[in-house]
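What follows is one structure encoded as C-alpha coordinates, with my remarks underneath.
The values are calculated or read from the model by the stated rules, or taken from the named source; none is laboratory data. What you are looking at is a predicted structure, and each value in this text was computed from that prediction instead of being measured. Heads up, the Cβs are rebuilt from the backbone with ideal geometry, glycines too, and the neighbour counts pull from every protein chain shown.
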Amino acid sequence: MTKTDRRPLVGVLALQGDFSEHEARLREAGADTRQIRYASQVADLDGLVIPGGESTAIARLTEEGAAVIFATVKERILSGMPVWGTCMGSIFLAEEIKGSAQGRLGVMSIKVRRNAFGPQKKSFQCPLAITGLGEPFPAVFIRAPLITAVGDGVEVLGVLPAELNAGASGIVMARQKNMLVTAFHPELTDDLRVHAYFLQMVAECLSRPLASAEV
Ligand code: GLN
(Lines give C-alpha, C1' and ligand atoms only; values in the text may rest on other atoms or scores of the structure.)
Protein backbone atom coordinates (compact mmCIF):
# COMPACT_ATOMS: atom_id res chain seq x y z
CA MET A 1 0.00 0.00 0.00
CA THR A 2 1.33 3.44 -0.89
CA LYS A 3 0.08 6.99 -0.40
CA THR A 4 1.30 8.65 -3.60
CA ASP A 5 -2.06 9.62 -5.13
CA ARG A 6 -2.10 13.20 -3.79
CA ARG A 7 0.09 16.28 -3.69
CA PRO A 8 2.63 15.92 -0.88
CA LEU A 9 2.22 18.20 2.14
CA VAL A 10 5.50 19.98 2.83
CA GLY A 11 5.95 22.14 5.91
CA VAL A 12 8.13 25.22 5.92
CA LEU A 13 9.48 26.13 9.35
CA ALA A 14 8.15 29.66 9.78
CA LEU A 15 9.77 30.80 13.01
CA GLN A 16 12.45 32.81 11.24
CA GLY A 17 13.81 33.47 7.75
CA ASP A 18 12.52 33.51 4.16
CA PHE A 19 9.77 30.90 4.48
CA SER A 20 7.23 32.55 2.11
CA GLU A 21 9.57 32.31 -0.88
CA HIS A 22 10.05 28.60 -0.23
CA GLU A 23 6.29 28.08 0.04
CA ALA A 24 5.71 29.76 -3.31
CA ARG A 25 8.38 27.67 -5.06
CA LEU A 26 7.19 24.41 -3.45
CA ARG A 27 3.64 25.07 -4.66
CA GLU A 28 4.87 25.80 -8.17
CA ALA A 29 6.84 22.55 -8.05
CA GLY A 30 3.70 20.56 -7.12
CA ALA A 31 3.39 20.42 -3.33
CA ASP A 32 0.83 21.65 -0.82
CA THR A 33 2.50 23.67 1.92
CA ARG A 34 1.99 24.65 5.55
CA GLN A 35 3.79 27.24 7.62
CA ILE A 36 5.02 25.49 10.76
CA ARG A 37 5.10 27.32 14.08
CA TYR A 38 3.86 24.70 16.56
CA ALA A 39 4.79 21.11 17.36
CA SER A 40 1.16 20.06 16.76
CA GLN A 41 1.51 20.93 13.05
CA VAL A 42 4.32 18.46 12.35
CA ALA A 43 2.85 14.94 12.69
CA ASP A 44 1.18 14.65 9.25
CA LEU A 45 3.89 16.38 7.17
CA ASP A 46 5.43 14.49 4.26
CA GLY A 47 8.53 16.69 4.33
CA LEU A 48 9.94 19.85 5.89
CA VAL A 49 11.99 22.80 4.66
CA ILE A 50 14.08 24.83 7.09
CA PRO A 51 14.65 28.17 5.33
CA GLY A 52 17.49 30.67 5.26
CA GLY A 53 17.67 33.38 7.88
CA GLU A 54 19.87 33.90 10.90
CA SER A 55 21.00 30.80 12.73
CA THR A 56 21.81 32.60 15.99
CA ALA A 57 18.16 33.76 16.09
CA ILE A 58 16.73 30.25 15.69
CA ALA A 59 19.41 28.99 18.11
CA ARG A 60 18.06 31.39 20.72
CA LEU A 61 14.58 29.90 20.24
CA THR A 62 15.93 26.47 21.16
CA GLU A 63 16.66 27.91 24.60
CA GLU A 64 13.51 30.02 24.97
CA GLY A 65 10.57 27.68 25.29
CA ALA A 66 10.42 26.45 21.67
CA ALA A 67 12.12 23.18 22.64
CA VAL A 68 8.96 21.12 22.04
CA ILE A 69 8.70 21.96 18.34
CA PHE A 70 12.39 21.22 17.82
CA ALA A 71 12.17 17.89 19.67
CA THR A 72 9.16 16.91 17.52
CA VAL A 73 10.90 17.93 14.28
CA LYS A 74 14.07 16.08 15.27
CA GLU A 75 12.12 12.92 16.08
CA ARG A 76 10.41 12.99 12.67
CA ILE A 77 13.70 13.57 10.84
CA LEU A 78 15.35 10.69 12.70
CA SER A 79 12.45 8.44 11.74
CA GLY A 80 12.92 9.25 8.04
CA MET A 81 10.89 12.37 7.12
CA PRO A 82 12.67 14.21 4.27
CA VAL A 83 14.09 17.56 5.37
CA TRP A 84 15.87 20.26 3.41
CA GLY A 85 17.84 23.04 5.07
CA THR A 86 18.87 26.08 3.03
CA CYS A 87 21.70 28.27 4.32
CA MET A 88 20.63 28.91 7.94
CA GLY A 89 18.68 25.64 7.67
CA SER A 90 21.86 23.76 6.81
CA ILE A 91 23.59 25.25 9.86
CA PHE A 92 20.63 24.22 12.03
CA LEU A 93 20.85 20.62 10.81
CA ALA A 94 24.64 20.31 11.15
CA GLU A 95 26.27 18.11 13.74
CA GLU A 96 29.11 20.61 14.14
CA ILE A 97 29.48 24.37 13.66
CA LYS A 98 33.06 25.62 13.58
CA GLY A 99 33.82 27.57 16.75
CA SER A 100 30.23 27.56 18.01
CA ALA A 101 28.07 25.55 20.36
CA GLN A 102 24.88 27.43 19.35
CA GLY A 103 21.58 25.52 19.55
CA ARG A 104 20.79 23.30 16.56
CA LEU A 105 19.21 19.98 15.66
CA GLY A 106 22.62 18.38 15.02
CA VAL A 107 21.22 15.48 12.99
CA MET A 108 23.37 15.53 9.84
CA SER A 109 27.01 14.39 9.68
CA ILE A 110 28.40 17.65 8.34
CA LYS A 111 30.64 20.32 9.75
CA VAL A 112 29.90 23.90 8.65
CA ARG A 113 31.65 27.24 8.87
CA ARG A 114 29.22 30.15 9.17
CA ASN A 115 29.58 33.33 7.10
CA ALA A 116 32.38 31.66 5.16
CA PHE A 117 32.41 34.34 2.44
CA GLY A 118 32.30 37.41 4.69
CA PRO A 119 29.52 39.96 5.32
CA GLN A 120 26.22 40.59 3.49
CA LYS A 121 27.87 42.80 0.84
CA LYS A 122 30.03 39.85 -0.21
CA SER A 123 26.88 37.98 -1.27
CA PHE A 124 27.09 36.60 -4.80
CA GLN A 125 25.46 34.43 -7.45
CA CYS A 126 27.29 31.86 -9.55
CA PRO A 127 26.48 29.00 -11.92
CA LEU A 128 26.83 25.80 -9.90
CA ALA A 129 27.16 22.28 -11.28
CA ILE A 130 24.87 20.00 -9.27
CA THR A 131 25.05 16.20 -9.59
CA GLY A 132 22.16 14.92 -11.67
CA LEU A 133 20.59 18.31 -12.40
CA GLY A 134 22.00 19.02 -15.88
CA GLU A 135 22.77 22.65 -16.76
CA PRO A 136 24.50 24.69 -14.00
CA PHE A 137 22.12 26.10 -11.39
CA PRO A 138 22.00 29.88 -10.66
CA ALA A 139 23.07 29.62 -7.02
CA VAL A 140 22.52 32.65 -4.76
CA PHE A 141 24.80 32.89 -1.71
CA ILE A 142 23.90 35.33 1.09
CA ARG A 143 26.28 35.32 4.07
CA ALA A 144 26.47 31.65 3.31
CA PRO A 145 28.14 28.86 5.23
CA LEU A 146 30.50 26.32 3.70
CA ILE A 147 30.35 22.64 4.48
CA THR A 148 33.94 21.98 5.56
CA ALA A 149 33.70 18.24 6.27
CA VAL A 150 31.23 15.43 5.69
CA GLY A 151 30.86 12.16 7.55
CA ASP A 152 30.15 8.63 6.34
CA GLY A 153 27.07 8.27 4.19
CA VAL A 154 26.98 11.92 3.09
CA GLU A 155 26.84 12.40 -0.66
CA VAL A 156 28.36 15.64 -1.96
CA LEU A 157 26.10 17.09 -4.69
CA GLY A 158 27.59 20.53 -5.32
CA VAL A 159 31.07 22.06 -5.04
CA LEU A 160 31.96 25.67 -5.82
CA PRO A 161 34.30 26.40 -8.71
CA ALA A 162 37.87 26.69 -7.34
CA GLU A 163 38.11 30.49 -7.85
CA LEU A 164 35.13 31.00 -5.50
CA ASN A 165 36.18 28.45 -2.97
CA ALA A 166 36.71 30.40 0.24
CA GLY A 167 38.16 27.61 2.32
CA ALA A 168 39.50 24.11 2.59
CA SER A 169 36.33 22.71 1.06
CA GLY A 170 33.95 24.20 -1.47
CA ILE A 171 31.04 21.89 -0.62
CA VAL A 172 27.73 23.76 -0.85
CA MET A 173 25.18 20.96 -1.37
CA ALA A 174 25.01 17.53 0.21
CA ARG A 175 22.62 14.75 1.08
CA GLN A 176 22.56 12.11 3.78
CA LYS A 177 19.62 9.72 3.38
CA ASN A 178 16.48 11.81 4.03
CA MET A 179 18.44 15.02 4.73
CA LEU A 180 19.39 17.59 2.09
CA VAL A 181 21.36 20.80 2.62
CA THR A 182 22.18 23.70 0.34
CA ALA A 183 24.35 26.64 1.43
CA PHE A 184 22.59 28.70 -1.26
CA HIS A 185 19.00 29.88 -1.82
CA PRO A 186 17.11 28.17 -4.70
CA GLU A 187 13.89 29.81 -3.44
CA LEU A 188 15.23 33.20 -4.58
CA THR A 189 15.39 32.17 -8.22
CA ASP A 190 12.67 30.99 -10.57
CA ASP A 191 14.60 27.79 -11.31
CA LEU A 192 12.60 25.03 -9.64
CA ARG A 193 15.06 22.17 -10.09
CA VAL A 194 16.31 21.93 -6.51
CA HIS A 195 12.73 22.14 -5.18
CA ALA A 196 11.80 19.40 -7.65
CA TYR A 197 14.79 17.34 -6.44
CA PHE A 198 13.55 17.64 -2.85
CA LEU A 199 9.98 16.75 -3.86
CA GLN A 200 11.43 13.66 -5.54
CA MET A 201 12.97 12.67 -2.18
CA VAL A 202 9.53 13.19 -0.62
CA ALA A 203 7.84 11.11 -3.34
CA GLU A 204 10.32 8.28 -2.85
CA CYS A 205 9.66 8.30 0.87
CA LEU A 206 5.88 8.24 0.28
CA SER A 207 6.08 5.40 -2.21
CA ARG A 208 7.90 3.10 0.19
CA PRO A 209 5.50 0.46 1.48
CA LEU A 210 4.08 1.40 4.87
CA ALA A 211 5.39 -0.55 7.83
CA SER A 212 2.90 -3.22 8.87
CA ALA A 213 2.11 -1.36 12.10
CA GLU A 214 0.79 1.60 10.04
CA VAL A 215 -1.37 -0.40 7.56
N1 GLN B 1 24.79 33.95 8.02
C2 GLN B 1 23.61 33.31 8.50
C3 GLN B 1 23.90 32.45 9.73
O4 GLN B 1 25.00 32.21 10.04
C5 GLN B 1 22.94 32.48 7.44
C6 GLN B 1 22.52 33.34 6.29
C7 GLN B 1 21.40 32.81 5.45
O8 GLN B 1 20.64 31.91 5.85
N9 GLN B 1 21.23 33.40 4.30
O10 GLN B 1 23.00 32.03 10.34
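Kindly provide the set of residues from the range 82-101 that are in contact (Cβ under 8 Å) with a residue 60 or more places away in the chain and not in a strand (DSSP E or B), ordered by number. Within the range 82-101, PRO82, CYS87, MET88, GLY89, SER90, LEU93 qualify. Of the strands (runs of 3 or more DSSP E) that lie entirely inside the range 1-66, those containing 1 or more residues that are touching a Cys at 6+ places or on another chain (Cβ under 8 Å) span 47-50.
So which residues in the range 118-153 are of a type in the set (Gly, Ala, Ser) and not in a strand (DSSP E or B)?
Answer for the range 118-153, where residues must be of a type in the set (Gly, Ala, Ser) and not in a strand (DSSP E or B): GLY118, SER123, ALA129, GLY132, GLY134, ALA144, GLY151, GLY153.
Within the range 203-215, residues that are farther than 17 Å from PRO82 by Cα have Cβ atoms under 7 Å from residues that are part of a loop (DSSP other than H, G, I, E, B) and modelled with pLDDT under 65 in these pairs: VAL215/MET1, counting only partners at least 6 apart in sequence or on another chain. Within the range 35-57, restricting attention to residues that are touching a residue at least 40 places away in the same chain (Cβ under 8 Å), in contact with a Phe, Trp or Tyr (Cβ under 8 Å, 6 or more places away or on another chain) and under 14 Å from VAL12 (Cα atoms), the residue that is farthest from the ligand (Cβ to nearest atom) is GLY47.
Taken as a whole, the condition of being under 22 Å from PHE184 (Cα atoms), out of contact with any strand residue (DSSP E or B) (no Cβ under 6 Å at 6 or more places or on another chain) and either away from the ligand (no atom under 16 Å from the Cβ) or among the hydrophobic types (A, V, I, L, M, F, W, C) (or both) does not apply to ALA67. Would you check if there is a residue in the range 13-23 being aliphatic (A, V, I, L, M) and closer than 19 Å to LEU180 by Cα? Yes, the range 13-23 contains a residue that is aliphatic (A, V, I, L, M) and closer than 19 Å to LEU180 by Cα. Within the range 70-81, being free of Cβ contacts under 8 Å to residues at least 24 places away in the same chain and either among the aliphatic types (A, V, I, L, M) or within 16 Å of the ligand (Cβ to nearest atom) (or both) holds for no residue.
Mind checking whether some residue in the range 122-142 is at pLDDT below 95 and more than 23 Å from ARG193 (Cβ to Cβ)? Looking through the range 122-142, at least one residue is at pLDDT below 95 and more than 23 Å from ARG193 (Cβ to Cβ). Of all the residues that make up the range 68-114, how many are closer than 21 Å to ASP44 by Cβ, surrounded by fewer than 18 Cβ atoms within 10 Å (Cβ to Cβ) and out of contact with any Cys (no Cβ under 7 Å at 6 or more places or on another chain)? Result for the range 68-114: 7. Output yes when any residue across the range 117-134 is buried (at least 23 other Cβ atoms within 10 Å of the Cβ), in contact with a helix residue (DSSP H, G or I) (Cβ under 9 Å, 6 or more places away or on another chain) and touching a residue at least 12 places away in the same chain (Cβ under 8 Å), and no when none is. Looking through the range 117-134, none of the residues is buried (at least 23 other Cβ atoms within 10 Å of the Cβ), in contact with a helix residue (DSSP H, G or I) (Cβ under 9 Å, 6 or more places away or on another chain) and touching a residue at least 12 places away in the same chain (Cβ under 8 Å). Residues in the range 50-67 that are among the hydroxyl-bearing types (Ser, Thr, Tyr) and surrounded by fewer than 23 Cβ atoms within 10 Å (Cβ to Cβ): THR56, THR62.
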